[in-house]
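See below for the structure under consideration.
The numbers here are math on the coordinates, done by the rules we state, and not lab data. Everything quoted here is computed from the prediction, not taken from an experiment. Reconstructed Cβ throughout: ideal geometry from the backbone, glycine too, with neighbour counts over all protein chains shown.
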Amino acid sequence: MKNYPACKTVDVVENWHGIELADPYAWLRDKDDPEVRDFVARENAYTDAYFATRGVDEKIAQLKATQLPENYMTVEPFGEGYVTSRSTDGGGYDIAILDADFNETGTLKDLPGLGDLELFRALPAPGRTDIIGLFAQHMGAARPSVVVYDLERKAPVFKADGTFSIAWSRATGKIYYALTESNLETHECRSSWRCYDPATDTEETLFAPDENYIIAYVEMSGDGRWALFGAASDYSRALWYACDTASGEVHRLSETPEAWQYIDSTVDGHCFVSTSANDHGEVVAVANDGSQRTVLAPQDRFFLTGGFSCAGKLFALALEDVSARLIDVATGEAIELPDPMGELSVAGKDDARAFLSFQSFTMPPCILAFDGERFEKVYATSDATHSDIVVEQHFAPSTGDGTLIPYYLVRARDAQPDGTAPALMYAYGGYNSPTLPWYTELVSMTEVPRWVEAGGVYVHLNLRGGSEYGPAWHEAGMLDSKRHCYEDFIGVTEQLIKDGWASAGNIGIVGCSNGGLLMSALVTMRPDLWGCVIDSVPQTDMIHVADDDRGPMYITEYGDPRASKEMFEYLLSYSPYHNVQDVAYPPVYIQTGECDNNVPPYHGKKFAARVQAATTGDAPILLRVLAQGSHNRGGTPEEFWRTIAEMHLFLEEHLKGIGSC
């Protein structure tokens, strides 16, 4: 057994619906407690010592030399060119200025007067280059902020904290946003929709309904006339309102929460992709009085997920067996994409084109300009091709109820199913968010082709809880069906072993956030299967998630243990922290951040301390706490590179047959 740093336990016992529940590491919840800080320092020192003899500095240098640049997340018109955002070293974001040919001409780094705000996205005011809207976040804040910044005066002129969405109106020149606050005592959220006019330096509250909305959205029609407000009651549905930006008049579009994704407003009405009536979805046009007319008849081939307008036509984003499709709404036909197994999202638009982000397991991320008829690749992170790599989709039965779960297997063309190759597996399974094909695995930043070329196989799972097959797929992996996610993952793993593409003890699993909860649950449920585990910013104490700052949002996905004895017992049945036993656990690398604004770092600290104390084996259980880390894989650039280097070294050490990845 490893000589882990000493960690005290406390005699804390809580009563839940008449059931006494011990919480021996409850004291680790207060990150500012000097004893907790000392515990973190000793754990980080232990992890430092572990990697000091394993070539971490050399790995950092290797990664810096070979890592692909991040793709642009957004592309918006700005002057004669564009303004964009993309992730940077350290998990932050870089705001770049591009010319008309997508050549980078400058950045908006280190703008004066922003203090500790970390920029996420720049949203330029239509037709102006002197002011810009910034979507940003204070270090450790639970919600982002909206900032209007004067680029000529080099100073912010307006800021509001607590938003999730912003949009400019090209018709009025005002910026629209929604503010949301949580009440941790009542587990409710309150939202209000507002706008700021830089011409008069005035803020106006448009309306603030007295209802519980966990997140509030703002969308803007292409002509800037309409601001669309979505008031989300959970991670699937929202009430929708349309605000006439000229008059300020607000129209309620739906009487009950709807599973809608806004596209644009046309002469037919406000157009949405709707999955309210069926999981496959349809495009509907909604009038200001709430009546609606179906624009695209229901179909049973694609699962619609969103859309955009371009060249006077509507296009829908869709999935077909968890691969992206682009659908012409008028014809219902799919437009051919560069790879039939890929991921597609809207990055932005100008007056003539939509900019789409695209990638696949073998095609590096790029930006495609789409004029309504054809694509042009205007930016690529790499021109690499991988003809010797095969991508296959398979289905495996969940161990719980036998539901067939899709997964992608990425392997070398000449690989044999003899159980010798190390497998790297990723999944998320939650919050109505699909897990689509990508070139680089999200957490450890391992490029999928590089992993395969180093001797491994990569497995990309599509668990229930996401939206890969519409709302029903999400609902089958949430609340009192959440355990399906873990049974789905185990079912795929057992199928891989049966088919010879993996072997127990030589499988690396990776996940973050809700996927970190997944990793932690899999550690406690089936420790015998895994060769090593990368567990990033995990939720692990499911009994206290409701008390976290975003608890009122999260209980719509997981359930509230206070609501009933049945829900408490269900959460307790899989809560990783509460299910640690005296067994030999596999190697686990747990990473969290002191400034995490989504999942407080006590989750990772408590889980690490309990597993370290309980394990009967010699496999390392490591905790890495980043002083500047938020809800991502990094913090400062130094923390970022060291963290992913440690993850790579951990995988390479504990999985047999993998080269440098």
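Quick rundown of the values:
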{"quantity": "Gap separating the Cα centres of segment 143-166 and segment 110-125, nearest whole Å", "calculated": "7"}
{"quantity": "Distance from segment 459-504 to segment 70-87 (C-alpha centre basis), Å", "calculated": "35"}
{"quantity": "Gyration tensor verdict on segment 266-368 (Cα atoms; rounded if a/c is under 1.5, prolate if a/b is larger than b/c, oblate otherwise)", "calculated": "oblate"}
{"quantity": "Gyration tensor (alpha-carbon) shape descriptor, segment 372-491, a/c threshold 1.5", "calculated": "oblate"}
{"quantity": "Under 15 Å from the Cα of LYS482 - aspartates and glutamates, other chains or at least 8 residues apart", "calculated": "ASP401, ASP541, GLU557, ASP560, GLU566, GLU569"}
{"quantity": "Correct option for Kirkwood radius over Cα pairs in Å [calculated from the coordinates] among (i) 25.7; (ii) 33.4; (iii) 29.1", "calculated": "(i)"}
{"quantity": "Distance between modelled label sites at ASP150 and LYS498, nm, 7 Å Cα→Cβ extension", "calculated": "6.8"}
{"quantity": "Distant-in-sequence amide H partners of SER85 (H built 1.01 Å from N, under 5 Å)", "calculated": "MET73, THR74, ALA96"}
{"quantity": "Nitroxide proxy distance, nm - points 7 Å out along Cα→Cβ at GLU336 and LYS313", "calculated": "1.6"}
{"quantity": "Folded to 0 to 90 degrees: helix 34-52 orientation relative to the chain principal axis, Cα", "calculated": "80"}
{"quantity": "Hz values of 3J(HN,Hα) by residue in segment 213-222 - Karplus curve (6.51, -1.76, 1.60), Gly and Pro given as x", "calculated": "10, 6, 9, 10, 10, 10, 10, 10, 5, x"}
{"quantity": "Antiparallel DSSP beta bridges within segment 259-385, as percent of all bridges there, nearest 5", "calculated": "100"}
{"quantity": "Inter-label distance, nm, simple model (7 Å from Cα along the C-beta direction), THR403/ALA246", "calculated": "4.8"}
{"quantity": "Residue exposure sequence - TYR241, TYR25 - by fewest surrounding Cβ within 10 Å", "calculated": "TYR241, TYR25"}
{"quantity": "Alpha-carbon centroids, segment 512-589 and segment 335-413: separation in whole Å", "calculated": "31"}
{"quantity": "Estimated FRET transfer efficiency (ASP110, VAL157; beta-carbon r; R0 22 Å; 0.05)", "calculated": "0.75"}
{"quantity": "Stretch gain in nm, segment ASP351-GLU58, where the contour uses 0.36 nm per residue and the Cα spacing is subtracted", "calculated": "100.7 nm"}
{"quantity": "Cα gyration tensor shape of segment 526-661, rounded if a/c is under 1.5, else prolate or oblate by comparing a/b with b/c", "calculated": "oblate"}
{"quantity": "Neighbour-count ranking [beta-carbon atoms within 10 angstrom, fewest first] of SER274, SER536", "calculated": "SER274, SER536"}
{"quantity": "Whole-Hz couplings from phi, Karplus 6.51/-1.76/1.60, listed for segment 286-293; x for Gly and Pro", "calculated": "10, 7, 5, 8, x, 5, 9, 10"}
{"quantity": "Rounded to 5, percent antiparallel among DSSP beta bridges of the chain", "calculated": "85"}
{"quantity": "Estimated vicinal HN-Hα couplings, Hz - segment 328-336 in sequence order (Karplus 6.51, -1.76, 1.60; Gly, Pro = x)", "calculated": "6, 4, 5, 9, x, 8, 8, 8, 5"}
